[in-house]
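The values are calculated or read from the model by the stated rules, or taken from the named source; none is laboratory data. Note that the structure is a prediction, hence the values are computed from the model and not measured. Please note: Cβ atoms are built from the backbone with ideal geometry, for glycine as well, and neighbour counts cover all protein chains shown. Just the protein is used for accessible areas: all its heavy atoms, side chains included, with ligands, DNA and RNA removed. Shrake-Rupley method; radii C 1.70, N 1.55, O 1.52, S 1.80 Å.
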Amino acid sequence: MHIATDFWTWVAALLTLAILSFLWDDNSFYRAAEHLYIGVANGYSITLIWYNVVVPNMIDPLRGAAHVVSEQGFAAAFFTFNEHNVLNPYHDNNFFIIIPMMVGALYVTRFIPSISWMIRIPIGITMGYYTAISIPASFKASIVRQLEASILSRSDFDSAWVLVYGLLIFVTTVATLIYFFFSAEHKGVLRPISNIGILTVMVGFGASFGLTVMARISLAIGRFIFIFKDWLGMVQ
Amino acid sequence: MKRRLPMAIMFLFAIWGGISVFVGKTPVKEFDNLLRNKLLMIVGAFAIILGLGSLIFHHTQKIKRRARFWQYSYITLFALLITSFIGLFGGVRGEGGLPTIFGGTVLGAHEGLVYAFTDIKEKASFTANPAQFADPTKAVMELPREIPIEFNRFQASLLRQEIELRNTALRLSQQVVPPMISPVSNQEVPYKTDFKISLQALYEGILVPCASTMFAMLAFYMCSAAYRAFRMRNLHAGILLVSSFIVMLGQIPLATAYIPGLHELRQWILDVPNLASKRGIMIGVGLGASATSFKIILGIERAWLGGGDE
Amino acid sequence: MWYWFLAFVLLVSPGLYAQESPDSPAPPGESIDSEETIATGETISSEFQSSDMESDMGAIPAALPAEEIPTLFPPQNVVAIDVPDDDGQAVSVTWTPPTEGRPTRYILEIAGSDGFFEELTRTTLTEYTVSQLENNELYRFRVVAVYENGQSVSDETPPVAPRDHWMKLDEIPVILAILIYISLLLYFIQAARRGVELFIRRISGLTAVEDAIGRATEMGKPVLYIPGTSSIEDVATLASLNILGEVARRTVHYDVKIICPNKDPIVYTIAREIVKETYASEGRPDAFDPDSVFFLVPDQFAFAAGVDGIMVREKPATIFLMGMFWAESLIMAETGASTGAIQIAGTDAVAQLPFFITACDYTLIGEELYAASAYLGREPMLLGTLKAQDFGKLVFLFIMIVFTLLSLLFGLDAAGWVRVR
């Protein structure tokens, strides 16, 4: 038995135990680990945003632009040209980057009550753009592709077995769609169909549940291996 | 003004986003990439200021009000402060001005970590992955990183041999690790002598174990969720459980060998209801998600503007 | 009791270890999930979808013995064309099998402006779409047939340049589908404006919202609302934020405290605006607690840990888990269930729905999440969009059935009509 001597292995092991103790009940060890985890995770992400977003996208371009200004005069930093001699306002070393920074800074207007409504501008930009591009994306992936896959063709019916499968998938897909129909009560002819629909959904969900169980258990085993092998050195 | 202007701006960007998807001309594509990958990222980065402000406010408020368990808020605040201080001044891998790696020689400090290196020139760069040594099960959770170390060609070739030897030994047995002689100091370098408080060390020592433990707890939660569903005697949940049980059992070679038809049943569940339910749900979700997007763009759904009319 | 289940699963697990687990952990920082499992059974990516040419060829069997082939024949009819109506950078190359002999595979070679041919890919198919080329640069292609006992090179194609086009006409099925849907939406919104009565059936997960908040009032405990763990780029998050508005309106009405921790800073900003504005529009701006909507942490599992803490310490009477979730869904849902709170969950993440169904009292499945804000708000215009959603479903169901009939009865390639790259 070789108990680990590495400082961080001890930290990791104690944190692992503290978090696992939550399975029993909330306790001071879990509370301490949770608060530590949240603090460190926040600090970590701040650092990553600083190095991955702020420095390359804001500080570096502005520094580059300042350099261009000092050598070629002020206009050069605004009107940089690309390799085809086309005006390129989006060059890396460019004061242009100030515009999105100013828009982003509007987030901070929240602290000034009289103009706090301006926070809606960056929110609107982000929401407008992402909602708009999401429409074709979800139509393509969730509707058109699924439609294509659902349409049966003669070549799907090589054997009787495949035929049964194909028809079953088709029918249950239709039933699932009908279950989610909001405009009519599940009465009359819709009742058995929507029942088939929800049954299909539940059996399908069961399949994903069953498939995930083992992967999660292997993760739990991985944690115990860490405790008994890497930390306590009881298992070789 | 307070609602119209943001609405108009949102609409403009929505039109651009909708059109750019279907236009193939390169300048349009280039501007779209710039907008998505740079400009919107810059705008979004400012929101973290508000997020951070909220976090600090939440915890200082707790301390001030002496709310229940207020003492723990100190832990979060100090952890936040120290981590960002180490990260911003010490660099992600300890390359910043603030010293975050202690002990060992410059080379020795990293030798325990080195397992491969590329580009042997006057300046070589190492790809080091401590997980390879410390915890093989953890390897998937770690990211490889590069540590630039200066040494000459001769030292590099020596080091490469040493590393290969060491790696082979480690592969063959986790126990016997041959002593490693540093080509720089000609002295034996102890295994993992350095003490690090770099951001990477915090990541590996705190964030990774916490995340994997939370993730691992899912195994327990799955069992309790299954039991809960079983106890509810709800027909739908019951069907879900039975189907998941069949899929789980069908994975076990022993079970499929003794229960005839189990394997086929499992395959049928995966091929038919699993596929059909996902297809049906996805078509509905596609329509619902698009409807929500349209509602926001057309200004019908305006919770973000504070509802109401103006 | 549940540990018996665990014990059982642990017992059976060694047998399972023999097999590959369907999903393996991904690095933290990325959201970890088993989404891949959804992909099973989907169609193969359309690039490699079987074409007529491929079926001519069939699967390529092992080559004939060397002695029987006196000469090795090259692939025929190698044609390279710019992929029409796309955004450029792509050339599609097709060829036909040699007149005699059966190659084991083909090697596609490309030559740029320097004139040297280099290997691009190996394939057993007779078509390939080359991507990531330079627009307006000339490229030539040739195909090498690989036999067991040697190779044979085809003629070179004439130079071809990939071009970018104004309209991506290859997405016509998508554009058409969107146009059909927009007209449905506009029609029903107009109908709602005219005051046409629109019937929507009862959705049990949503009728429970009122009761659940009422329960919080009786117990004098707060309502916990988690607007998902994704960013604003997910429409599910936006749907969840719309529901938050409706839930907040009810909490103001019943005078219940609302707690809303957030994982994404932008989502936090919007959520806070929504709750604050709801308090203002309901005439109680003073009652808004600025600390009720707060930012917790951007890390997936740290967020779950924090929310777990809030659940066991604040003991909310009602918990809403609405929006996009990944693997952390069950951690939160199970902890919430163990505190005895009424839980209403809703997500379109198919991989997480089973966990919500087992651990929560009510679950909004898929599109019910998107229907929720309209259903709760009962505003005619929003209900109109809900109707459009339904009729869109009918239209696509109709297309599905008619196209299947067409292709079965007349042997038409109906699936090809809606195929997109």
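Quick notes
- The stretch C:198-225 - residue that is within 26 Å of the chain's Cα centre (by Cα) and within 17 Å of C:GLY366 (Cα to Cα) and, of those, most open to solvent (accessible area, probe 1.4 Å): C:SER204
- B:ALA79 satisfies every condition listed in (1) within 7 Å of chain A (Cβ to nearest Cβ); (2) exposed (fewer than 15 other Cβ atoms within 10 Å of the Cβ) except (2).
- Criterion violated by B:THR60 - all others in (1) surrounded by fewer than 19 Cβ atoms within 10 Å (Cβ to Cβ); (2) over 30 Å from B:GLN71 (Cα atoms); (3) at pLDDT 95 or above satisfied: (2)
- For the stretch C:289-335, the candidate set comprises residues that are more than 8 Å from every other protein chain (Cβ to nearest Cβ) and of a type in the set (Phe, Trp, Tyr); within that set, the residue that is surrounded by the most Cβ atoms within 10 Å (Cβ to Cβ) is C:PHE325.
- Hits in the stretch C:251-288 - residues which are charged (D, E, K, R) and crowded, with 22+ Cβ neighbours inside 10 Å: C:LYS263, C:ASP264, C:ARG272, C:GLU273
- Residue count for the stretch B:1-51 satisfying the condition of being open to solvent by 30 Å² or more (accessible area, probe 1.4 Å), assigned to a helix (DSSP H, G or I) and touching a residue at least 12 places away in the same chain (Cβ under 8 Å): 4.
- Scanning the stretch C:371-395 for residues that are open to solvent by 10 Å² or more (accessible area, probe 1.4 Å) and at the interface with chain A (Cβ under 10 Å from one of its Cβ atoms), we see that the one that is nearest to C:GLY346 (Cα to Cα) is C:TYR375.
- Each residue in the stretch C:68-102 was checked for being more than 16 Å from C:THR124 (Cβ to Cβ) and assigned to a loop (DSSP other than H, G, I, E, B), and 16 pass.
- Residue pairs meeting the criteria (Cβ under 7 Å; at least 6 apart or on separate chains; first at the interface with chain C (Cβ under 9 Å from one of its Cβ atoms) and more than 11 Å from C:GLU368 (Cβ to Cβ), in the stretch A:178-191; second in a loop (DSSP other than H, G, I, E, B) and open to solvent by 30 Å² or more (accessible area, probe 1.4 Å)): A:SER183/C:PHE199
- Filter result for B:ILE48 (within 7 Å of chain A (Cβ to nearest Cβ) and touching a Gly at 6+ places or on another chain (Cβ under 7 Å)): no
- Among the conditions (1) touching a strand residue (DSSP E or B) at 6+ places or on another chain (Cβ under 9 Å); (2) surrounded by fewer than 18 Cβ atoms within 10 Å (Cβ to Cβ), the only one that C:ALA359 does not satisfy is (2).
- Out of A:SER138, A:SER114, sole residue that is at the interface with chain B (Cβ under 9 Å from one of its Cβ atoms), at pLDDT below 95, open to solvent by 10 Å² or more (accessible area, probe 1.4 Å) and assigned to a helix (DSSP H, G or I): A:SER138
- Residue selected from the stretch C:402-421 under the condition within 8 Å of another protein chain (Cβ to nearest Cβ) and open to solvent by 70 Å² or more (accessible area, probe 1.4 Å), by the criterion nearest to the chain's Cα centre (by Cα): C:ARG419
- Taken over the stretch B:261-272, the criterion of being touching a Phe, Trp or Tyr at 6+ places or on another chain (Cβ under 9 Å) and part of a helix (DSSP H, G or I) is satisfied by B:TRP268, B:ASP271.
- Single unsatisfied condition, A:ASP158 versus (1) assigned to a helix (DSSP H, G or I); (2) surrounded by fewer than 19 Cβ atoms within 10 Å (Cβ to Cβ): (1)
- Residues of the stretch B:214-260 that turn out to be open to solvent by 40 Å² or more (accessible area, probe 1.4 Å) and either assigned to a loop (DSSP other than H, G, I, E, B) or touching a Cys at 6+ places or on another chain (Cβ under 8 Å) (or both), as a count: 4
- Note on the stretch A:38-106: enclosed helices (runs of 4 or more DSSP H) holding 1 or more residues that are modelled with pLDDT under 85 are A:60-72, A:74-78.
- Any chance C:LEU224 is in contact (Cβ under 8 Å) with a residue 24 or more places away in the chain and closer than 27 Å to A:ALA132 by Cβ: no
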